[in-house]
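The values are calculated or read from the model by the stated rules, or taken from the named source; none is laboratory data. All values derive from a computational prediction rather than experimental measurement. All Cβ positions, even for glycine, are placed from backbone atoms using ideal geometry, and neighbour counts span all protein chains on display.
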Amino acid sequence: MQENQLYEYAVLRVVPRVEREEFINVGVILCDHKSGFLGVKIHLSREKILALDPDADIEMIQLNLSSFEKICDGKSNGGQIATMDLASRFRWLTAVRSSVIQTSRPHPGLSKDLSKTLQELFEEYVL
């Protein structure tokens, strides 16, 4: 029987007009330091973003979101941050920022299957 693993997750948000503080959930980042799991799932709804800001630069938002994927993957094409240890990458990705792409505060949970939990959180908060 597989043991529950302690993880942290945060919801990725796009805030097209930061001054208005309106946002759309676009992804979930999940991290389990002990097992070395760091994953992200992203879905950008062009229609929802444009409903909040018809002038939003969707291509730039998508480009910035793809950097989250590269950093999670830990590949060299993710820049210097992607080469950091897993805990540092997760903390950097979930750091409080006032920009178009933001994250919720990290939340804890327990899971027997981290990939399945990431998918379930993604479906609950994004889709």
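Overview of results
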| read-out | value |
| --- | --- |
| Some residue of region 58-72 being modelled with pLDDT under 95 and outside any helix (DSSP H, G or I) | no |
| One residue from Ile49, Ile58 being free of Cβ contacts under 8 Å to residues at least 40 places away in the same chain, crowded, with 16+ Cβ neighbours inside 10 Å and among the hydrophobic types (A, V, I, L, M, F, W, C) | Ile49 |
| Unique match (being of a type in the set (Lys, Arg) and more than 29 Å from Glu3 (Cβ to Cβ)) among Lys48, Lys41 | Lys48 |
| Region 68-91 residues that are under 17 Å from Ile42 (Cα atoms) and of a type in the set (Phe, Trp, Tyr), paired with ones that are modelled with pLDDT of 90 or more and part of a helix (DSSP H, G or I) (beta carbon under 9 Å, 6 or more apart) | Phe68/Leu93; Phe90/Cys72 |
| Residue in region 3-11 that is closer than 22 Å to Ala95 by Cβ, β-branched (Val, Ile, Thr), under 12 Å from the mean Cα position of the chain (by Cα) and part of a strand (DSSP E or B) present | yes |
| Region 63-73, subset surrounded by 15 or more Cβ atoms within 10 Å (Cβ to Cβ) and of a type outside the set (Ser, Thr, Tyr), residue nearest to Glu22 (Cα to Cα) | Leu65 |
| Filter pass, Leu86 being modelled with pLDDT of 95 or more and over 17 Å from Val14 (Cα atoms) | no |
| So Ser98, is it outside any loop (DSSP other than H, G, I, E, B) and of a type in the set (Ser, Thr, Tyr) | no |
| Per-region count, region 18-33, residues assigned to a loop (DSSP other than H, G, I, E, B) and in contact with a Leu (Cβ under 7 Å, 6 or more places away or on another chain) | 2 |
| Residue selected from region 34-50 under the condition among the hydrophobic types (A, V, I, L, M, F, W, C) and not in a helix (DSSP H, G or I), by the criterion farthest from the chain's Cα centre (by Cα) | Phe37 |
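Each row is one residue, and each column tells you yes or no for (1) over 15 Å from the mean Cα position of the chain (by Cα); (2) of a type outside the set (D, E, K, R).
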position: Asp57; (1), (2): yes, no
position: Asn64; (1), (2): no, yes
position: Phe68; (1), (2): no, yes
position: Ala87; (1), (2): no, yes
position: Phe90; (1), (2): no, yes
position: Arg97; (1), (2): no, no
position: Thr103; (1), (2): no, yes
